[in-house]
Structures are given as C-alpha cells and as structure tokens.
Amino acid sequence: MRWEHLVPKDFEKAVRETGLCIVPTGSLERHGDHLPFGCDMIISHTIACKAAEIEPAVVFPPYFLMQVHEAACFSGTVNFPQAFALEAFGLLLKSIAANGFKKILVVNGHGGNTHMLDYFAMSRLDEPTDYIFYHTGYSEGLTDEERKKAEAIWETRDGGHACEWETSLFMACCPGKVKLEYAPKQPVKPLNRFRHLRELGIHNALWWYADFPENVTGDASRASEEKGRAIMDIYVKALARKIRAVKDDTAAPQLQEEFARRVQNKGL
C-alpha cells in the first residue's frame, strides 16, 4: 500500500492492521552516463511496493535527503550537510510515528546511506522514541538457494554501482529509461589509487572516488530487463520475509523499553 495513494479511512485501517511503515531510501547522484540520477530510490521504492503486496505494510514515498558526500563532485547530485540530513530524517520518522505506526523499516537502496543509517540507529539510544526503528538493504537477507540463483543471473562479477546488476534492476523498474548506448564500452575496473593505504587497514573518505572517479563500476553493457526482472523477484520475496519478521518481532520493543528505563534510572 503506497502512502500517497491512500485515502484517510484506508490509511487509518492500514495503520491499525499492519502497524508498519516502510521508508525506501536512496539518493540523487550520478550513475555513469547511462542511468538516471534517481536510480537508487526508484529501485528501493519499487521493491518495497512489490514486497508490501505480499506482506502488507504502508510504503512511504521514496526518500533521498540522505548521505551522498562521496558523489558531491558530480552534476545531478543533491547532497546535504550531515547535521541537517540526520535531523531531517529523525523528524520524518517522528512524523510517521505520529500517524500511529509503532514500527518503521527503512529499505535502503544507496550504499553510502548504510553508514548514516547505522549511526542514526545507534543515536536513537540517546533519544528514546515511541517507535521501533529497523533498517535493511533490499539485497540483504537472501537464503543460500536465493543467493545461488542470483549469482547465476550475471555474466560479470565486477560491479556494485551502475554495473550489469544495478542497470538490469533499474531496467526492470523503469523500462525504456536506461540509455545503454551511453554506458562505458569497456568494463570499469578499480584504479586502486588507495591500495597502499587499504592494505594497511587505513581508511579515508575518498576511498570510493579513488577507485571509481566516474561513479560507475563493472560492465553495464551486459545488462538486460530480463535479468532485472529475475533478480527483482528474488529481492521482493526476501523483503516480504523481512517485513513479516519485523511485524512479528517482540524482542526489539521489549529491549528498547528496558534500555530506556535503565538509562533513566542510572545512578539511582
């Protein structure tokens, strides 16, 4: 059920019956020359909507006011100061909860958001909420069988961004919107400009740019809508299972209440 498509009575019924809102997150950033800027949020939103048809939940419109500092040098990127992004995200979830949702599941479609979501989740321990926060990536949580099926779809193994995998997935979401003729003619390999640091376990914010200065990896020329539909089916079923698990979860609410109580009583 898409939040923006619901009328008040149906919305209120959905809140009562599901108790769960899904927030698909992504970014607005360059994905090479062949993919639209909204690739990440469109994919996460599409998968979330399809999964919610299997396991009912209310799906919020795709949200992109997140973390994309690593792509701030490219045209088409919309980036936000870190404090604002965290505050805005917190206020959004608070507003969602004010509509009656006791649980919120973020389904992330942009790798760079993972760091922000991990930090945001931990920081909620300092700011008790009246909702339970969960987050997952849409490609996480596959069974061994699903993982084998997914791996069998691809002709290439080098990827992760605007590659055969992501390009195929977006083709399935938005047929006709990919400009495959603009994709790199040769597979894009990492430049390894930080190998001397990485081998020593040293981290730097420019690690991604050091390897992929055009924000594209792998071989998008091997992408197809058929491959995208095949992998989407796997991801949708996996996400439906995760939605069910979140709806059934009683441990996190109990532990959140226990933790908040101990914080409040600390030193007494």
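Every number here is computed from the coordinates shown, using simple stated rules; none is lab data. Computed from a prediction, not measured in an experiment: that's the story for all the values here. Cβ: placed from backbone, ideal geometry, glycine included. Neighbour counts: every protein chain shown.
Over 31 Å between C-alpha atoms is what I'm after, so list which of LYS148/LYS247; LYS102/LYS149; LYS13/LYS177; LYS177/LYS237; LYS242/LYS266 land there.
LYS102/LYS149; LYS13/LYS177; LYS242/LYS266
How high is the relative contact order of the chain, given as a whole-number percent (alpha carbon pairs under 8 Å, six or more residues apart)? List each step's numbers first, then the result.
Values: 450 pairs, mean separation 62.0, N = 268.
Relative CO of the chain lands at 23 percent.
Taking the Cβ of each residue in THR250, THR167 as the centre, tally the other Cβ atoms inside 10 Å and list the residues starting with the fewest. Intermediate results must be reported in sequence, preceding the final value.
Details: THR250 7, THR167 30.
So the ranking, lowest neighbour count to highest, is THR250, THR167.
Computed extension gain for THR129 through LEU92, at 0.36 nm per residue and net of the alpha carbon distance, reaches 12.1 nm.
Over the chain, dividing the summed -39,500 (n - 2.57) contributions of all DSSP H runs of at least 4 residues by the number of residues returns a 222 nm mean residue ellipticity of -14500 deg cm²/dmol.
If contacts are Cα pairs under 8 angstrom and at least 6 residues apart, what is the relative contact order of region 56-172 in percent? Please list the in-between numbers first.
Numbers: 79 pairs, mean separation 23.5, N = 117.
20 percent.
For the chain, report the translational diffusion coefficient in µm²/s to the nearest whole number, using Stokes-Einstein at 20 °C, 1.002 mPa s, and a Kirkwood Rh over Cα pairs. Reported coefficient: 108 µm²/s. Residues whose amide H falls under 5 Å from that of ILE132, counting only those 5 or more places apart or on a different chain, are LYS103, ILE104, with hydrogens built in the peptide plane.
Using the Cα centre of region 37-192 as the reference point, and only Cβ charges (+1 on K/R, -1 on D/E), how large is the resulting charge dipole? Debye, rounded to the nearest 20.
Details: 13 positive and 19 negative charges, 56 e Å.
That gives region 37-192 a dipole magnitude of about 280 debye.
Applying 0.36 nm per residue to the separation of GLN264 and LYS185 and subtracting their alpha-carbon distance, the gain on full extension is 22.5 nm. Averaging Cα coordinates gives a centre for region 1-53 and one for region 144-220; these two points are 24 Å apart. Label point of LYS149 set 7 angstrom out along Cα-Cβ; within region 225-254, amide nitrogens under 16 Å from it belong to 226-242. When the Cα positions of SER95, SER168, VAL263 are compared along the charge dipole of region 3-265, VAL263 comes out farthest toward the positive end, with charges on each C-beta of Lys, Arg, Asp and Glu.
The distance between label points at LEU197 and MET122 comes to 2.0 nm (points 7 Å beyond Cα on the Cα→Cβ vector).
If a/c stays under 1.5 just call it rounded; otherwise compare a/b with b/c (prolate if a/b is bigger, oblate if not). Do that for region 1-103, with a ≥ b ≥ c from the square roots of the Cα gyration tensor eigenvalues. Mind dumping the intermediate values first?
Numbers: a/c = 3.23, a/b = 1.68, b/c = 1.92.
Cα axes put region 1-103 in the oblate bin.
Once the chain from ALA205 to SER75 is taken as fully extended at 0.36 nm per residue, the excess over their C-alpha distance is 44.9 nm.
What Kirkwood hydrodynamic radius do you get for region 63-152 when you take the inverse of the mean 1/r over all pairs of distinct Cα atoms, in Å?
This gives a value of 14.8 Å.
Ranking ALA83, HIS110, THR129 by how far each Cα lies toward the positive end of the dipole of region 67-152 (charges on Cβ) leaves THR129 at the top.
Computed from point charges on the beta carbon alone (+1 for Lys and Arg, -1 for Asp and Glu), the dipole magnitude for the chain about its Cα centre is near 280 Debye.
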